[in-house]
Amino acid sequence: MHPLLRRGLAATAVTGLLTGLAAAPAQGQDAPVLAVDFGRLTGAPVHGAVGSLYGISENGVPGDNLLDPLHMSSMAPKPTGGTQHPNGDANDVLAALAEHDGGDAFVNLQDWYPDWPYQNDGIDAYLAEVEAMVPVMEASEHADRLVYVPFNEPNWIWYNRGADYAGTTARFFHDWDLAYERLREIAPDTPIAGPNESHYDARFMRDFMEHTAAAGTVPDVITWHELSPDSLRYYAGNEADYRALEAELGLEPRQININEYGNNRDFGMPGQMVQWAAMFEDTDALADMAYWTAAGGLSGNAPQTNVPNGGWWFLKTYSQMTGQTAQVTPPQDNAVDTLQGIASYDESKRQAQILLGGGSGDATVDFTGLDLGKKVTATVHEIAWTGNEGSSSAPRAVDQIALRPGKDGAASIDLEGLDPMSAYWITLTPGTGAADRVEVPWSGTWEAEDAAITAGTVYNEGSASNPFAFPASGGKSVGSLNRADSRVEFTVDVPESGAYDLTVTYGNTYGRDLAVGASPTEQFLTVNGGDAATVTYPSTMQWGSRGQVTLQVELEAGRNTLALAKSDTVAGTAHGEAGIDKIDLTPSVVDTHTYPAVFARTEGDADYHYGRHAGVTVNGDEQVVFDVYAPADGYYEVAVDADGKGELIVIGPHGEDIAFELQDEQTLALHEGVNRIALSAAGRRGLNVHDLTVTGDGGDAGFTQIAAADVELAGTAALTENPWATGGQAITGVGGGEGDTATLTVEADEAGPHLLLVHYANDERSGGHAYNIDIISRYAEFTVNGEPAATVPMRATWSWNDFWSYPLIVDLQAGANTIEIGNPGLRTDIGDRESRAADFDHFAIAPLLN
């Protein structure tokens with residue numbers, strides 16, 4: 001048995017994850033049972049819960065590396081040119097959906113208006129606006145993906161029923177018919193969705209469906225919102241009520257889209273997200289995560305353009321469940337915050353998957369009807385919570401065991417110490433009768449609320465009773481650490497002396513409340529009373545939206561104290577204020593992760609085989625595509641276990657395919673976050689791929705660094721003092737005109753593709769929305785040696801003092817090269833400020849293949 005973190009009072013205890021595996025549970029009758037019947041398949045997975053309202057802000061935000069692995073069954077944007085928010089235009093979202101083989105864009109037409117709630121100038125004025133906005137979207141080459149939603153939450157915005165249900169409902173029906181008919185005139189082939197109320201109202205839905213059935217204005221897609229934690233309890237009944245009504249009226253079954261669901265406490269947390277996904281998958285519904293925060297982040301699951309959190313890895317794992325779903329019976333139906341799951345079986349791949357979460361403590365997974373032979377290998381992976389803005393590695397295998405299912409394909413998997421914030425991914429494949437030993441390093445977690453707190457306050461965070469707050473480990477955090485004596489001291493125990501990675505989960509409370517503007521914040525760290533070291537916390541969207549920073553500490557075997565403080569007698573007073581959720585400790589080792597080919601993505605047909613050398617065989621131009629994670633920018637060793645000749649293809653962050661001859665080991669420059677690496681037979685036959693392993697921690701080694709002061713500036717571009725920039729200076733004023741540029745001069749030893757890392761800051765916003773943070777991406781145009789290379793949107797970084805890394809692959813010639821950055825008047829239709837590029841700190845560049 002191998003260790004998995006298990007929550008204790010002050011620190012996690014180490015325990016086993018998998019116990020006995022047999023035809024009957026070994027833990028006793030008290031452990032909740034998640035039952036899976038692989039003999040009852042229920043159709044192809046819909047992946048409905050992957051959708052997001054304003055989750056894509058521009059085509060390029062989030063980046064292709066985060067969108068391509070997802071099965072985006074739907075997305076919800078605003079009409080192109082709408083003014084409710086500065087981004088999220090339908091035409092941009094349509095392009096992204098088409099590029100990544102996604103589904104439909106459900107366009108909230110009323111987001112044409114700037115006000116929230118929407119201004120009401122009467123139905124005639126609104127229909128005139130509809131006539132103006134729709135042709136722009138219909139002109140898109142991807143208009144076949146459009147679905148129009150003419151009204152958004154009409155029950156409380158334009159048609160608040162209040163005491164006059166009959167009169168208000170009649171007025172809405174009249175306006176619905178007019179809008180429906182006008183849309184049919186303008187765009188006769190584009191589906192229409194509605195009624196799109198803020199919640200399911202059985203009385204209203206009956207009246208609406210009866211009216212529209214009689215009037216010939218029934219929506220093509222039925223929509224409503226599920227925005228309460230109680231939706232986990234009531235949605236199934238709502239869906240059943242609608243389906244019964246549909247049948248009673250003799251209507252053909254319509255697709256359901258819950259085009260807003262969930263709360264801040266759900267998104268980014270795999271253990272919460274699996275509950276929503278299971279609920280919608282069970283009814284084949286499409287669903288879009290709600291938009292409570294900022295656009296372009298997949299509703300809180302993509303903290304940076306190419307950087308994932310644990311929520312993204314949940315969406316990715318869910319997206320790649322293939323074949324058919326199997327019937328799942330959870331311990332409790334229609335309950336809030338309970339163990340739920342999704343299961344799939346793919347006959348062509350000879351594999352099954354179970355994705356579960358939401359429970360805590362011990363549980364049993366019973367399955368039956370599995371047709372994978374007499375020997376089955378079960379591997380359990382954890383998809384952990386890393387905060388809304390904490391970068392997350394790929395799901396980690398935490399245990400593996402050999403199963404011998406009974407004649408009916410039945411076996412049990414007993415799990416211990418489940419974390420309710422995590423999701424768990426169980427893969428089932430034909431086995432050999434033996435299991436590989438999974439080495440899980442020691443780790444420990446300590447909650448801030450259980451530490452010794454001086455001049456600080458414990459706060460309750462996101463929960464079923466406080467759904468709009470963000471999640472925190474243990475449901476609490478420590479804040480108000482803004483006095484000179486504010487301090488949180490942890491007492492930790494570690495198994496041996498040596499170097500440990502200390503990860504602090506924090507919220508940056510300095511924020512935008514101060515006149516000086518947002519910036520990173522600091523605290524002082526002391527270990528066992530030693531000298532203070534400064535911990536710098538990058539800005540977060542708001543203090544509850546937690547990020548993570550990791551630094552190395554030296555600890556003695558046994559008991560140690562670690563203190564995070566506002567002030568230190570020698571170092572002085574730290575800048576700003578941060579809140580603390582928890583700390584984690586793991587031994588400092590070089591990061592390595594192996595990605596099995598049988599659970600990678602494939603392009604084209606592929607043959608799957610199992611046993612001691614499990615793998616995937618591809619021929620011709622078929623590919624095995626790995627979505628690999630890099631914890632930081634830098635060089636990594638990429639080892640491929642494969643038989644045969646072929647190519648290793650780096651799929652660049654903007655879709656470039658850069659092919660190299662396949663070697664057993666190659667050193668590649670990777671950017672922080674998700675990188676796509678494909679293996680292909682390159683026109684040959686019989687490349688048999690077993691797995692791909694990535695090893696390294698990144699870093700500056702091998703990269704040429706170019707400081708802001710070494711860049712040639714022209715026009716309005718200038719050096720500006722900034723204490724948070726690497727050299728104390730940042731480049732500002734790039735863009736706005738043809739000559740407002742920054743030009744890098746780069747010497748390349750050899751011609752070929754190079755990874756360029758652009759460190760930038762952007763805090764452009766439009767203000768005034770009731771609750772959304774309307775960040776604005778700034779565009780930059782890159783030319784290499786006078787030739788256009790890329791024009792890219794650079795997402796906001798939360799402050800002008802926080803510099804993120806943006807990756808591009810550029811093709812250089814041997815010798816001297818010039819890379820020019822500008823933005824000559826892009827997006828000037830929305831305002832001159834958007835023609836400026838971001839601010840730039842420094843640049844790093846290195847050959848893609850070392």
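A few points about this structure:
- Filter on Lys316/Lys349; Lys78/Lys349; Lys316/Lys582; Lys349/Lys582 - keep pairs with C-alpha separation over 30 Å: Lys78/Lys349; Lys349/Lys582
- Ordering Val134, Ile157, Pro188 by the projection of their Cα atoms onto the charge dipole of region 134-188, which places +1 on the Cβ of Lys and Arg and -1 on the Cβ of Asp and Glu, puts Ile157 at the extreme positive end.
- From phi via Karplus (6.51, -1.76, 1.60), per-residue ³J(HN,Hα) for region 593-598 in Hz, x at Gly/Pro: 8, 9, 10, x, 5, 5
- If you sort Ser835, Ser805, Ser465 by accessible surface, 1.4 Å probe, largest first, the order is Ser465, Ser805, Ser835.
- Proximal aspartates and glutamates to Lys375, defined as alpha-carbon separation beneath 15 angstrom and excluding residues fewer than eight positions away on the same chain: Asp408, Asp436
- Between the beta carbons of Ala132 and His654, assuming R0 = 25 Å, the FRET efficiency works out to 0.15 to the nearest 0.05.
- Distance from the Cα centroid of region 631-662 to that of region 546-562 is 34 Å (rounded to whole angstrom).
- Tyr779 - accessible surface, heavy atoms, 1.4 Å probe, Å² rounded to 10: 30 Å²
- Computed packing ranks the peptides 524-535, 684-695, 374-385, 279-290 as 279-290, 374-385, 684-695, 524-535, most packed first, by mean other Cβ atoms within 10 Å.
- Over the chain, DSSP H runs of length four or greater, each weighted -39,500 (n - 2.57), average out per residue to a 222 nm ellipticity of -4000 deg cm²/dmol.
- Pairwise centroid distance, computed over Cα atoms, of region 217-289 with region 41-55, Å: 11 Å
- 3J(HN,Hα) couplings calculated from phi for region 775-786 with the Karplus curve 6.51 cos²θ - 1.76 cosθ + 1.60 (θ = phi - 60°) are, in sequence order, 6, 10, 6, 9, 8, 9, 10, 10, 10, 10, 6, x Hz; Gly and Pro show x.
- Residues whose amide H lies under 5 Å from that of Asn388, counting only those 5 or more places away or on a different chain, are Arg546; hydrogens are built 1.01 Å from N in the peptide plane.
- Positive-end ranking of Ala669, Ala574, Gly620 along the dipole of region 549-669, with charges on Cβ about the Cα centre, is headed by Ala574.
- What region 690-754 shows is 47 Å² of accessible area per residue, with the surface traced by a 1.4 Å probe over protein heavy atoms.
- Interchain or long-range residues, amide H under 5 Å from Ala642's placed H: His690
- Phi to ³J(HN,Hα) by Karplus 6.51 cos²θ - 1.76 cosθ + 1.60 over region 482-487, Hz, x for Gly, Pro: 10, 9, 4, 9, 5, 6
- Separation of alpha-carbon centers, region 480-496 and region 788-817, rounded to whole Å: 38 Å
- Exposure of Thr573 as accessible area (Å², to 10), given a probe of 1.4 Å and all protein chains: 100 Å²
- Solvent exposure of region 344-404 as accessible area per residue, Å², 1.4 Å probe: 31 Å²
- Heavy atoms of the protein chains alone define the surface here; on that basis region 154-202 has 42 Å² accessible area per residue at 1.4 Å probe size.
The values are calculated or read from the model by the stated rules, or taken from the named source; none is laboratory data. Computed from a prediction, not measured in an experiment: that's the story for all the values here. So basically every Cβ, Gly included, is an ideal-geometry build from the backbone, and we count neighbours across all protein chains shown. The area values use the complete protein model at the heavy-atom level, side chains included, leaving out ligands, DNA and RNA. Shrake-Rupley method; radii C 1.70, N 1.55, O 1.52, S 1.80 Å.
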